[in-house]
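*Asks:* Here it is, the structure, as structure tokens.
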Amino acid sequence: EAGVAQSPRYKIIEKRQSVAFWCNPISGHATLYWYQQILGQGPKLLIQFQNNGVVDDSQLPKDRFSAERLKGVDSTLKIQPAKLEDSAVYLCASSPGRGKEKLFFGSGTQLSVL
Amino acid sequence: GENVEQHPSTLSVQEGDSAVIKCTYSDSASNYFPWYKQELGKRPQLIIDIRSNVGEKKDQRIAVTLNKTAKHFSLHITETQPEDSAVYFCAASESARQLTFGSGTQLTVLP
């Protein structure tokens, strides 16, 4: 079974620039998550999708972050404009949904904002 | 919202000894408690999970205990091996909505 795919693996940008991350979940997984993991901390949920609808985006900084999952499969997370404090690993995860909560994580995108 | 506290932040044990990591949670509605292992530069991977209707669960050298009354749960690793060295995260949620992670424990198993 293929895992959760993410790209790019690394990204270096300057502050105020824009950046986008892509995620393709495990086939058939209804639920998709984006997490932000700052160095030395646990992952923090940014947004959760159920199929193509948003379930929870209460911790997403909506003035600069946006995410979409248009066809209920792959997803894109965008930051515009980036700040220094956005430097982190952005992890995508998916789960089957329907009461099956086990999360499968992708390898993440390591973002450095200079 | 849910708040999960995890301790210790670092833990060193001799190979073959046991390791215990403890977490407390704040939301009494939480009913799902997974533990993830994250090796350096790699993705978090689920190692064991427990639901609120169960007090203890074991899988070979790994066990998790849950005390709903006190709102705390613990990870126990017996007969530790060098490959157990990693960062371990606990988490809590109500039915997989907004899974909240602890801050992590860096476990080092000394040969």
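Here, each number is a calculation from the coordinates, and none is a lab measurement. Since the structure is predicted, the reported quantities are computational estimates derived from the model, not experimental observations. We place every Cβ from the backbone using ideal geometry, glycine too, and count neighbours over all the protein chains shown.
*Asks:* Roughly how compact is chain B, stated as its Cα Rg over 2.2 N^0.38 Å to two decimals?
*Replies:* Against the empirical 2.2 N^0.38 Å value, I get 1.01 for chain B.
*Asks:* Between B:SER26, B:GLY16, B:TYR88, whose Cα lies farthest towards the positive end of the dipole of chain B when Lys and Arg beta carbons carry +1 and Asp and Glu beta carbons carry -1, centred on the Cα centre?
*Replies:* Highest projection toward the positive end goes to B:SER26.
*Asks:* In nanometres, what is the gap between the two model label sites at A:LEU84 and B:GLN14, each 7 Å from Cα along Cα-to-Cβ?
*Replies:* For the pair A:LEU84/B:GLN14, the computed spacing is 4.6 nm.
*Asks:* State, as an integer percentage, the relative contact order of chain A based on alpha-carbon contacts under 8 Å between residues 6 or more apart.
*Replies:* Relative contact order comes out at 37 percent.
*Asks:* How shielded is A:28-41 by partner chains, expressed as the average number of their Cβ atoms within 10 Å of its Cβ atoms?
*Replies:* Shielding by partners across A:28-41 averages 2.
*Asks:* Sorted from fewest to most neighbouring beta carbons within 10 Å, what does the list A:VAL55, A:VAL19, B:VAL54 look like?
*Replies:* Ranked by crowding around the Cβ, least crowded first: B:VAL54, A:VAL55, A:VAL19.
*Asks:* Over the protein assembly as shown, what number does the Rg to Rh ratio reach, with both radii from the alpha-carbon atoms and Rh per Kirkwood?
*Replies:* Across the protein assembly as shown, the Cα-based Rg/Rh ratio is 0.97.
*Asks:* Of the candidates B:ASN31, B:ASN53, B:ASN67, which one comes out as most mobile in a Gaussian network treatment of chain B with C-alpha springs shorter than 10 Å?
*Replies:* Answer for the Gaussian network model of chain B: B:ASN53.
*Asks:* Excluding B:ARG61 itself, what net charge comes from residues whose Cβ is under 14 Å from its Cβ, given Lys and Arg +1 and Asp and Glu -1?
*Replies:* Surrounding charge for B:ARG61 is -3.
*Asks:* Relative contact order for the range B:20-95: what percent, with Cα pairs under 8 Å and sequence separation of 6 or more?
*Replies:* 41
*Asks:* Taking amide H positions as placed in the peptide plane 1.01 Å from N, state which residues far from A:GLY97 in sequence (5 or more) or on other chains have amide H under 5 Å from it.
*Replies:* Amide H neighbours of A:GLY97, under 5 Å, 5+ apart: A:ALA30, A:THR31.
*Asks:* Spelling out what I want: for every residue of the range A:64-70, take phi, set θ = phi - 60°, compute 6.51 cos²θ - 1.76 cosθ + 1.60 (Karplus), and round to whole Hz; glycine and proline get x.
*Replies:* In residue order, the calculated couplings are 9, 9, 9, 8, 9, 9, 4 Hz.
*Asks:* What dipole magnitude, in Debye to the nearest 20, does the protein assembly as shown give about its Cα centre under +1 on Lys/Arg Cβ and -1 on Asp/Glu Cβ?
*Replies:* 560
*Asks:* Along the three principal axes, how long is chain A when you take its alpha carbons, biggest first, rounded to the nearest angstrom?
*Replies:* 40, 26, 24
*Asks:* Report the charge-dipole magnitude of chain B in Debye, nearest 20, computed about the Cα centre from +1 at each Lys and Arg Cβ and -1 at each Asp and Glu Cβ.
*Replies:* That gives chain B a dipole magnitude of about 280 debye.
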